[in-house]
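Okay, structure first, notes after.
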Amino acid sequence: MNPRTNPQRITPASSALIPFLPEFGRCRTLIEAAGTAARVLTEEFGAIGAIVLDENGPVAARPTSLEAPVIAELISAPTGVSMGATATPLAGLTVACFPVRDSNGMSVAAAWGPKTVLQAEEVRSTAATLAEWLQRTDDAPARQLASGIAMRELDQDNFTGLIQTIPAIVYLAEMGESGRWRYVSPQIETVLGYTPEEWMSDPDAWYRALHPDDREYALAFEDSRLVGLDIHPPAEYRLKARDGHYVWVYERARLLSDEDGIPIWHGVMQDISALKSAELELAQKAEQQLLVARLGDMAVRGEDSDTLLKTAVEWIGRLDRVLEASIWEQEDYNRLHVYHRSGDLGNADTIPFLTNSYPGAPLVRGESVLIPNWRQQDPRLDPYRDVLPDSVVSSALTPILGADEQFGLIIVHSGQAGAFTEEDGNFLLATANVLGNAIERSRSDKSLHHRLNHDLLTELPNRRLFTVRLAEALTAAEQSGSMVGLLFLDLDHFKLINDGIGHHAGDEMLREVAPRLARSVRRGDTVSRFGGDEFGIVLREIRDEAEAWEIAERVLAETSQPMAVEGTERLITASIGITVWRPGEDADKGPEDLIQEADAAMYRAKESGRARAQIFGQAIQEKMVRRLEVERELHQAIER
């Protein structure tokens, strides 16, 4: 039977290999059969890497992306089942290696991860299957090709003419970072800007051209144990061209020994810079879409707007080509103040915002603006150059809009000219929409919270918020050991204003009284309107009763000043009740208890002639208790 025209029938070495026997039977060369064996072990039996090797080195390895250090360790694996050695690429992995009988030193090795099931029997069976394949096949021509003999016997003129038609760099180079380049095709001048003669005359040219971030990766393939591998893992790395820019190359190569036993790379390098650029754009677009989705999810979950703004800036600042991202708050369409920035380029914290010219005019219309190069002569950009960091070359600006107003801008800087595209502008607009909606919702929530806790007429805290502030003051005083004062104020004869002039005049007077009370107290005190003409004041951390009296006197003096109501000057006075909470002594008193005491003291001030203050004391307390008792007795009398 001629094995080159008819498939072989291979006897199954293991039931698990039965589905793959026809594939082995169709193999015509050892390289094909070895490749099939390695592929089955990785794709079908879960190995992270598999190789077939003979006495001269590796014949096949899968997957094709398997890294050189892993291949080298598999080559050195002992026969049987073992664990990868510490501080090697196989550390923590389980390795199985079995010989191919009657094959002059061939073996099969594979490695499995710690969370996958070792299938050592399949490695043994694969080796046995290869042994049977070898018994049925004469593969001398394939062996010759694998050793590089056939390539050395090619006619040199035909070989040179052929490779000069390939749209890629073809080369022969000795192994090592300073290995001599024996041949490089003319295409190197098109890709990297060097003539073949210049490149081959400098053994260090390739190493110096490697991008610093790619050197460790590229040099990992320089390993003599890889000589003869059928398909070397492809490599992608960057080389610096003569003009200084970096070119992405895709390299496929085989390491073969020449007649003197020197390892020689036979390879092809293709310029894939355009492909890498497209891949980068796709990856960046996917990352941008994910960022917008995450911000939207945070907004839906109720994250506060400040956190969203800071998160957006930090995420955008980490995108490729971005030097710095920042968010700016807008002041009256006149200037911008920085809110948060991802870096520190040394730029100003305040910048002008000119809305009657570019780039301000399109921004107030809700459009993104791309500035491809600040260093071009454009007089419209002159007002901003003085506040622009020297490292910035291009920028993208996007407005953050609400339903009725513009809140500010997102500004992104890059150190590259033309770094931002229309797609980047659309991404920033989508981000700004999420942020704008969050800011508007936050302001709406704050507005509702403000209305619930403040008096609509005077904008002072209402009784609800007053009680909260009083409770907070008492808690703080318990810890600090200070006193807390409470003033309860009622305007004298206010009913005469309402009934005689009208409620609109009374409202005007209350609006005038509110800022006078606020001016009379200290920073940190709380002035509240309880309703009608009643006001409460929390005095945090007072020294003693005398300080409460002093503040009450200031309040009386401020409120007694003439005020204009309905175009006529009016005089008004107030009666104030004072109570003081003392730590330890009054620990059992809460906010409502203190309000009742101050209220009782205020009524005592009115009974004493008005326009004065009265502090709560024993006499007032006894009178208050007696009054409550009389009310109780009257209710009982009525019931009887």
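The values are calculated or read from the model by the stated rules, or taken from the named source; none is laboratory data. In this text the structure is predicted, and so the values were computed from the model without any measurement. When we count neighbours, we look across all protein chains shown, and the Cβ atoms used for this are built from the backbone with ideal geometry, even at glycine. Heavy atoms of the whole protein, side chains included, go into the accessibility calculation; ligands, DNA and RNA do not. Shrake-Rupley method; radii C 1.70, N 1.55, O 1.52, S 1.80 Å.
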Give me a count of the residues in segment 183-226 that are among the hydrophobic types (A, V, I, L, M, F, W, C), over 42 Å from the mean Cα position of the chain (by Cα), open to solvent by less than 40 Å² (accessible area, probe 1.4 Å) and more than 17 Å from Tyr246 (Cα to Cα).
1
Ser368 open to solvent by 10 Å² or more (accessible area, probe 1.4 Å), within 13 Å of Val412 (Cβ to Cβ) and either among the small types (Gly, Ala, Ser) or more than 27 Å from the chain's Cα centre (by Cα) (or both):
yes
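Taking strands (runs of 3 or more DSSP E) that fall entirely within segment 565-627, which contain at least 2 residues that are surrounded by 18 or more Cβ atoms within 10 Å (Cβ to Cβ) and free of Cβ contacts under 8 Å to residues at least 12 places away in the same chain? Before the answer, list the steps.
Numbers: elements: 568-570, 574-581, 613-615.
Per the criteria, no element qualifies.
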Give the residue that is most open to solvent (accessible area, probe 1.4 Å), with candidates limited to residues of segment 101-123 that are out of contact with any Leu (no Cβ under 9 Å at 6 or more places or on another chain) and touching a residue at least 40 places away in the same chain (Cβ under 8 Å).
Asn104
Select from segment 285-311 the residues that are under 11 Å from the mean Cα position of the chain (by Cα) and either modelled with pLDDT under 80 or open to solvent by 80 Å² or more (accessible area, probe 1.4 Å) (or both) and list them in ascending order.
Glu287, Leu290, Arg294, Lys310
Residue selected from segment 498-509 under the condition under 22 Å from Ala605 (Cβ atoms) and not small (Gly, Ala, Ser), by the criterion least open to solvent (accessible area, probe 1.4 Å)
Met509
Being in contact with an Asp or Glu (Cβ under 7 Å, 6 or more places away or on another chain) and open to solvent by 30 Å² or more (accessible area, probe 1.4 Å) is true for just one of Glu534, Glu541. Which residue is that?
Glu534
Any residue in segment 562-578 that is within 57 Å of the chain's Cα centre (by Cα) and β-branched (Val, Ile, Thr)?
yes
Taking only pairs six or more apart or across chains, which ones have beta-carbon atoms under 6 Å, a first residue in segment 419-434 that is more than 11 Å from Leu401 (Cα to Cα), and a second residue that is among the small types (Gly, Ala, Ser) and open to solvent by 10 Å² or more (accessible area, probe 1.4 Å)?
Gly425/Ser368; Leu428/Ser368
Of those in segment 165-182 that are open to solvent by 100 Å² or more (accessible area, probe 1.4 Å) and at pLDDT below 90, the residue nearest to the chain's Cα centre (by Cα) is Pro167
Give just the number: which of (1) at pLDDT below 80; (2) touching a strand residue (DSSP E or B) at 6+ places or on another chain (Cβ under 9 Å); (3) of a type outside the set (D, E, K, R) does Leu282 not satisfy?
(2)
Looking at (1) open to solvent by less than 10 Å² (accessible area, probe 1.4 Å); (2) modelled with pLDDT under 90, can you tell me which one Ala552 breaks?
(2)
Mind checking which pairs have a first residue in segment 273-285 that is of a type outside the set (Asp, Glu) and a second that is at pLDDT below 75 and open to solvent by less than 80 Å² (accessible area, probe 1.4 Å), Cβ under 7 Å, 6 or more apart or different chains?
none
A careful count of residues in segment 314-341 that are open to solvent by 40 Å² or more (accessible area, probe 1.4 Å), among the charged types (D, E, K, R) and closer than 28 Å to Lys276 by Cα gives 4
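Out of the strands (runs of 3 or more DSSP E) lying entirely within segment 242-361, which hold 3 or more residues that are more than 30 Å from Pro379 (Cα to Cα)? Show your work before the answer.
Numbers: elements: 246-257, 263-271, 324-331, 335-341, 350-352.
Those strands (runs of 3 or more DSSP E) span 246-257, 263-271.
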Report yes if some residue within segment 192-199 is within 25 Å of Ser257 (Cβ to Cβ), acidic (Asp, Glu) and modelled with pLDDT of 90 or more; otherwise report no.
no
Got at least one residue in segment 75-85 being surrounded by fewer than 21 Cβ atoms within 10 Å (Cβ to Cβ), modelled with pLDDT under 90 and either under 26 Å from Thr137 (Cβ atoms) or within 34 Å of the chain's Cα centre (by Cα) (or both)?
yes
Looking at segment 263-276, can you tell me whether even one residue there is in contact with a strand residue (DSSP E or B) (Cβ under 8 Å, 6 or more places away or on another chain), surrounded by fewer than 17 Cβ atoms within 10 Å (Cβ to Cβ) and at positive phi?
no
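Residue check: is Ile351 touching a Ser or Thr at 6+ places or on another chain (Cβ under 7 Å) and modelled with pLDDT of 85 or more? Before you say what the answer is, go through the steps one by one.
Working: touching a Ser or Thr at 6+ places or on another chain (Cβ under 7 Å): no; modelled with pLDDT of 85 or more: yes.
Spelling it out, it is not the case that Ile351 is touching a Ser or Thr at 6+ places or on another chain (Cβ under 7 Å) and modelled with pLDDT of 85 or more.
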With the requirement that a residue be within 20 Å of Trp206 (Cβ to Cβ) and either at pLDDT 75 or above or under 41 Å from the mean Cα position of the chain (by Cα) (or both), what does segment 227-238 give you?
His232, Pro233, Pro234, Ala235, Glu236, Tyr237, Arg238
